[in-house]
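To keep things clear, I will list the structure first and then write my remarks on it.
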Amino acid sequence: MQENARYRGRFRRNMPMALVLPLVLALAGAAAPAVAAPAAPPPSFARDVAPILDRWCVSCHGEEEAEADLRLDSYAAALKGGDGGPVIAPGDPKNSQLVAQIERRARPPMPPKKRLPRDPIATIRAWIAGGAGP
């Protein structure tokens with residue numbers, strides 16, 4: 001009986017902490033509700049893709065010089081394609097000739113002398129996957 005009384009004494013001393021801790025944790029979770037970060041807008045040609053093409057492609061595929069009759073200096077021209085037909089398959093980056101060439105999976109690799117960095121490739125892929133909108 002005495003041992004039982006000792007146990008009850010410890011329980012009474014620890015009981016407030018046992019009740020308070022879950023309450024504090026619950027209130028902390030309620031005070032800071034999880035807020036989802038706003039989703040990034042899908043890439044657009046004008047905002048995201050055109051600057052990449054201007055930097056890496058337009059010197060050879062622009063208004064003044066359009067190798068393989070492919071111009072990448074405007075949205076309409078990029079969708080039109082060149083001598084080999086369209087290079088962009090909206091919604092399907094895996095089957096887009098532009099992606100295959102900038103990833104160096106198709107010949108000739110583009111740009112021919114210097115590899116395009118990963119981030120611009122990812123942006124172009126995401127733009128095409130999202131439907132290749134303006």
Q: Determine, for Val58, Val49, Val99, the number of other Cβ atoms within 10 Å of each Cβ, and report the residues in order from fewest to most.
A: Val58, Val99, Val49
Q) Considering only the other residues whose Cβ falls under 11 Å of the Cβ of Arg115, what net charge follows from Lys and Arg at +1 and Asp and Glu at -1? A) +3
Q.
Using each residue's phi in the range 68-78, evaluate 6.51 cos²θ - 1.76 cosθ + 1.60 at θ = phi - 60° and report the 3J(HN,Hα) Karplus result to the nearest Hz, with x for Gly and Pro.
A. 6, 6, 9, 10, 10, 8, 8, 4, 4, 5, 5
Q. For the range 52-63, in order, what is each residue's ³J(HN,Hα) by Karplus, 6.51 cos²θ - 1.76 cosθ + 1.60 with θ = phi - 60°, in whole Hz (x at glycine and Pro)?
A. 5, 5, 4, 6, 9, 10, 5, 4, 10, 10, x, 5
Q.
Check which residues have an amide H placed less than 5 Å from Gly82's amide H, if you skip close sequence neighbours.
A. Val87
**Q.** All aspartates and glutamates inside 14 Å of Lys113 as judged from Cα atoms, apart from same-chain residues fewer than 8 positions distant
**A.** Glu103
Q.
Could you give each residue of the range 85-101 its phi-based ³J(HN,Hα) in whole Hz, using Karplus coefficients 6.51, -1.76, 1.60 with θ = phi - 60°, and x for Gly or Pro?
A. x, x, 9, 10, 10, x, x, 9, x, 5, 9, 8, 4, 4, 5, 4, 6
Q | Separation in nanometres of the label points that stand 7 Å from Cα toward Cβ, at Arg115 and Arg47 | A | 3.0
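We did not get these values from a lab; they are worked out from the coordinates using the rules stated. All values derive from a computational prediction rather than experimental measurement. Using ideal geometry, Cβ is built from the backbone for each residue, glycine included, and neighbour counts are taken over all protein chains shown.
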